[in-house]
Amino acid sequence: MNANNIFVKTDLSNLSQELQKNHKDYSETILKSIYCQAESIAQKVVIKGDNKVDIDTIIDDIVTSRYLGIPIMLALLGLVFFITIIGANYPSELLAAAFFAIEEKITQLFVAAGWSDFIQGFFVSGVYHSVAWVVSVMLPPMAIFFPLFTLLEDAGYLPRVAFNLDSIFQKAGTCGKQALTMCMGFGCNAAGVTSCRIIDSPRERLIAILTNNFVPCNGRFPLVIALSMIFFGGTAAYKGIIAAGIVAGLVLIGVLMTLFISYVLSKTLLKGIPSNFVLELPPYRRPLIGQVIVRSIFDRTIFVLMRAIIVAAPAGGIIWIMANTVVGDCSLLQYMTSFLEPIGRLIGLDGVILTAFILGLPANEIVLPLMIMGYLSTGVMIEVESLESLRSILIEQCGWTWITALCVMLFSLLHYPCATTLLTIKRETNSLKWSFLAFIIPLLVAGAVCFIGAQTLRWLV
């Protein structure tokens, strides 16, 4: 190797370091120059009326301001959750009553046909009951949340969310587009993972995929909402508002954890230069209600619900077999809960709770009924008539405290994705390695947060 080659390599190395150091400054300078030139040309050729008020600019000055942008965003998020919580309760109760009334008729048909107790239990108490739980718990919140989310999307507000969060995600080593994929995760983490296709950089797309699970999907909302109303709801008059505040607070924790893990990944496994996020804010427009209904109900709600049912149906059968297969004096489900008891206690949970989360891998919606089944040793997922009866079961029979409830809510928020999301990650990344990391990273984070939280709170209390 001659001196000239050494000089060229050294020069290129210095240039590369300089580009990495000043990449953002160079890109912003180029973009600023382009837009300044475009604005200069527009001023020369576009004639505006003297008295015309630019409403979009006035609104943007408020919703994207440095001081009001994020508080307004959090307030809108809390409002969406409040409407979802209040609006989903009654339809969910009606659906549950209808499905379990049908279950009685199906049971009578099995008895009349002379089917064995095992076949009847597997298909009715296992498969059908699991599907009924998923539909009655998941459909009403999704049918409310997705239209509200689509309204914000069609009105042109979501790009403003990305604009507000762009600088924060830049500091975490990613770009503002991840804020949009994170918003999609509120409806369904599988949909959020799929939406990561909008991110051009492969490195940042992987970071968004691996961290999308830290925002709760519709499958985790029922458990979080129920526990927030039971243990932190206060008086009946303000339960809905307080529950919405607790849920919004947990969502904020999920967002902060998304930023933290994104930063760690960008400095370790997925090092690189954050890409610039060039975003032209679209004009505000009046949403088309017909399109909102079609897109939110058929393209999103039904699509996500069907995928959940496909996964939950066989899971319900397997869980029923475990709960009703007795070896010695205990069922397989009881052996599993006993084995996991010490680990569960260490992180503020117990063996039944951990078992419910493990067996709830196919669909987060069945975690709560699995807990009840484990505690009552019924051998079948049962329906709880009201929050008061659930409160009685958890506090009086199972010995739950507010610390237990908080740890369950945090574990539900941060733990590994459901099977549908993991399969979606495998499809999007075409890699078992990244699919495994998408599973193990949230699990370690959830375990660490619950361990630190439980031990600290126990010491303080």
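The values are calculated or read from the model by the stated rules, or taken from the named source; none is laboratory data. This structure is a prediction, so every number in the text was calculated from the model and none was measured. Note that we place each Cβ from the backbone using ideal geometry, even for glycine, and neighbour counts take in every protein chain shown.
Taking the criterion of being within 21 Å of Ala208 (Cα to Cα), among the hydrophobic types (A, V, I, L, M, F, W, C) and touching a residue at least 40 places away in the same chain (Cβ under 8 Å), would at least one residue in region 397-409 satisfy it?
No, every residue in region 397-409 fails to be within 21 Å of Ala208 (Cα to Cα), among the hydrophobic types (A, V, I, L, M, F, W, C) and touching a residue at least 40 places away in the same chain (Cβ under 8 Å).
Taking the conditions exactly as written (farther than 30 Å from Glu104 by Cβ, surrounded by 17 or more Cβ atoms within 10 Å (Cβ to Cβ), at pLDDT 90 or above and among the hydroxyl-bearing types (Ser, Thr, Tyr)), does Thr456 satisfy them or not?
No, not satisfied.
What tally of residues in region 323-358 results from selecting those that are under 17 Å from Ile403 (Cα atoms), touching a residue at least 24 places away in the same chain (Cβ under 8 Å) and part of a helix (DSSP H, G or I)?
Of the residues in that region, 3 qualify.
Go through Ala312, Ala323 for me and flag whichever is in contact with a Pro (Cβ under 7 Å, 6 or more places away or on another chain) and either over 19 Å from Leu368 (Cβ atoms) or buried (at least 19 other Cβ atoms within 10 Å of the Cβ) (or both).
The unique qualifying residue is Ala312.
When Thr84 is evaluated against the numbered criteria (1) farther than 21 Å from Thr301 by Cβ; (2) touching a Pro at 6+ places or on another chain (Cβ under 8 Å); (3) crowded, with 17+ Cβ neighbours inside 10 Å, which criterion, by number, is the only one it fails?
Here Thr84 meets the rest and fails (1).
How about region 95-119: which of its residues are within 23 Å of Thr325 (Cβ to Cβ) and within 31 Å of the chain's Cα centre (by Cα)?
The one that is within 23 Å of Thr325 (Cβ to Cβ) and within 31 Å of the chain's Cα centre (by Cα): Glu103.
Consider only pairs whose beta carbons are under 8 Å apart and that are at least six residues apart or on different chains; among these, list those whose first residue lies in region 112-137 and is crowded, with 19+ Cβ neighbours inside 10 Å and whose second residue is polar (S, T, N, Q).
From residues that are crowded, with 19+ Cβ neighbours inside 10 Å, the pairs are Gly121/Asn324; Val124/Thr107; Ser136/Ser92; Val137/Ser92.
Inspect region 91-98 for any residue being of a type outside the set (A, V, I, L, M, F, W, C) and either crowded, with 19+ Cβ neighbours inside 10 Å or not in a helix (DSSP H, G or I) (or both) and give the result as yes or no.
No: zero hits.
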